[in-house]
1. If a residue has to be out of contact with any Pro (no Cβ under 7 Å at 6 or more places or on another chain), surrounded by 14 or more Cβ atoms within 10 Å (Cβ to Cβ) and not in a loop (DSSP other than H, G, I, E, B) to count, how many in the stretch 188-215 make the cut?
2. What number of residues within the stretch 172-187 are of a type in the set (Gly, Ala, Ser) and open to solvent by 30 Å² or more (accessible area, probe 1.4 Å)?
3. Out of everything in the stretch 38-82 that is part of a loop (DSSP other than H, G, I, E, B) and open to solvent by less than 70 Å² (accessible area, probe 1.4 Å), what residue ends up being nearest to Ser193 (Cα to Cα)?
4. So, in the stretch 83-127, of the ones that are among the hydroxyl-bearing types (Ser, Thr, Tyr) and open to solvent by 20 Å² or more (accessible area, probe 1.4 Å), which residue ends up nearest to Ala211 (Cα to Cα)?
5. Cβ-Cβ under 8 Å, sequence separation 6+ or interchain: first residue in the stretch 86-109 and assigned to a strand (DSSP E or B), partner among the charged types (D, E, K, R) and open to solvent by 20 Å² or more (accessible area, probe 1.4 Å). Which pairs?
6. Return yes or no: is Ala152 under 15 Å from the mean Cα position of the chain (by Cα), assigned to a loop (DSSP other than H, G, I, E, B) and over 18 Å from Gly190 (Cα atoms)?
7. From the list Leu32, Leu23, exactly one residue is touching a residue at least 60 places away in the same chain (Cβ under 8 Å), surrounded by 20 or more Cβ atoms within 10 Å (Cβ to Cβ) and not in a loop (DSSP other than H, G, I, E, B). Which is it?
Amino acid sequence: MATDRLAGVLFDVDGTLVDTTYLHTVSWWEALRQTDQPVPMAVVHRAIGMGSDKLLDHLLGPERDRDADQKLRDAHDTLYAEYWERLTPLPRAADLLRACAERGLRVVLATSAAEHEVTALRRALNADEVVDTVTSSADARESKPAPDILEAALAQSGLAAERVVFVGDSVWDVAAAGKLNIPCVGLTCGGTSRGELAGAGAVAVYDDPAALLSELADSPLARLR
C-alpha cells in the first residue's frame, strides 16, 4: 500500500542513466538485417524504449508473420550482450541518484529491461547503496507506452503516483507516465530531441543527468520535498 508521506523519483535506466540507446539500436538493426527484414537505423532508434513486442509491431507492422519474432529477440539479446562489460553511465548519473537520496527521496529504477540486463546496468551505475527498488521486464504484462512497469515500481516501492516524478529519455517514457498522471522529466541523452520530449508532454527537459543535477534545486524533483 502506498504511503502518502513518502516521495520518490522513478528513473528509466536505458538511455536515461546508462548510455545504451544506440547499442540497442544497432543490435535491433543487425537482428532485423540478419532475418532479411531491414529497417533504417533512424527508424529503429525512434522505437527504442518500447518493449520488444511493441517495438516489432511498430517496425514491422502488427499484421506481420510473427514466427520469426523469437529469433529476432534472441539475435538482439546476443548482439547486445557483447557490450555488457563496456556499458557506461551517462554523465553524473550515479551522483544524481545519490543527490535524490540525500534529499530524502526514494530512488527507484523503473526499468523494463530483462533481469540479466538489469544486473549489467546496475553494475555500470555502481550506485546500489542508494537504490530503494528495482523492477524488470518480469514485473510488467505490457511494455511502454503502457504504464505497467511504472505501476509495478509504485507498488514495490510503496509510493503513490501523486508523490513521484518519472525521469526518462523517450517519448514512450513520457506517454507511460502520462497515463498515470505522473510528471515526466525528459533527458535528451537518449537521442530524442527537446522538442519531441516537450511535445509528448514532458514537464521539463534537460540534456543529461549532469544537467538535471546542476539544476536539481529548481527542477520538478525539488517540488517533491
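The values are calculated or read from the model by the stated rules, or taken from the named source; none is laboratory data. Please read all numbers here as calculations on a predicted model, not as lab measurements. A quick note on method: Cβ atoms are made from the backbone with ideal geometry, for glycine too, and the neighbour counts reach across all protein chains shown. Accessible surface is based on the protein model in full, side chains and every heavy atom, while ligands, DNA and RNA are left aside. Shrake-Rupley method; radii C 1.70, N 1.55, O 1.52, S 1.80 Å.
1. The first filter runs over the stretch 188-215 and keeps only residues out of contact with any Pro (no Cβ under 7 Å at 6 or more places or on another chain), leaving 188-202, 205-207, 211-215.
Still in the list and also surrounded by 14 or more Cβ atoms within 10 Å (Cβ to Cβ): 188-192, 194, 196-198, 200-202, 205-207, 211-214.
Next, only the ones that are not in a loop (DSSP other than H, G, I, E, B) stay: 188-190, 194, 196-198, 200, 205-206, 211-214.
The number of residues fulfilling the criteria is 14.
2. We begin by selecting, within the stretch 172-187, every residue of a type in the set (Gly, Ala, Ser); these are 175-178, 186.
With open to solvent by 30 Å² or more (accessible area, probe 1.4 Å) added as a condition, the list becomes 175, 178.
Result for the stretch 172-187: 2.
3. So the first thing to find is which residues in the stretch 38-82 are part of a loop (DSSP other than H, G, I, E, B), and the list is 38-40, 49, 51, 61-65, 82.
Retained after the next criterion (residues that are open to solvent by less than 70 Å² (accessible area, probe 1.4 Å)): 39, 49, 51, 61, 64.
Values: Val39: 21, Gly49: 14, Gly51: 21, Gly61: 25, Arg64: 30 Å.
The residue in question is Gly49.
4. My answer is Thr88.
5. Sorted first by the residue in the stretch 86-109, then by its partner, the pairs are Pro89/Asp19; Arg106/Asp132; Val107/Asp132; Val108/Asp132; Leu109/Arg122.
6. Details: under 15 Å from the mean Cα position of the chain (by Cα): yes; assigned to a loop (DSSP other than H, G, I, E, B): no; over 18 Å from Gly190 (Cα atoms): yes.
No.
7. Details: Leu32 fails: touching a residue at least 60 places away in the same chain (Cβ under 8 Å).
Just a single option satisfies the conditions, and that option is Leu23.
For (1) out of contact with any helix residue (DSSP H, G or I) (no Cβ under 9 Å at 6 or more places or on another chain); (2) at pLDDT 95 or above, each residue gets a yes or a no:
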| residue | (1), (2) |
| --- | --- |
| Asp67 | yes, no |
| Ala75 | no, yes |
| Glu102 | no, yes |
| Val108 | no, yes |
| Ser112 | no, no |
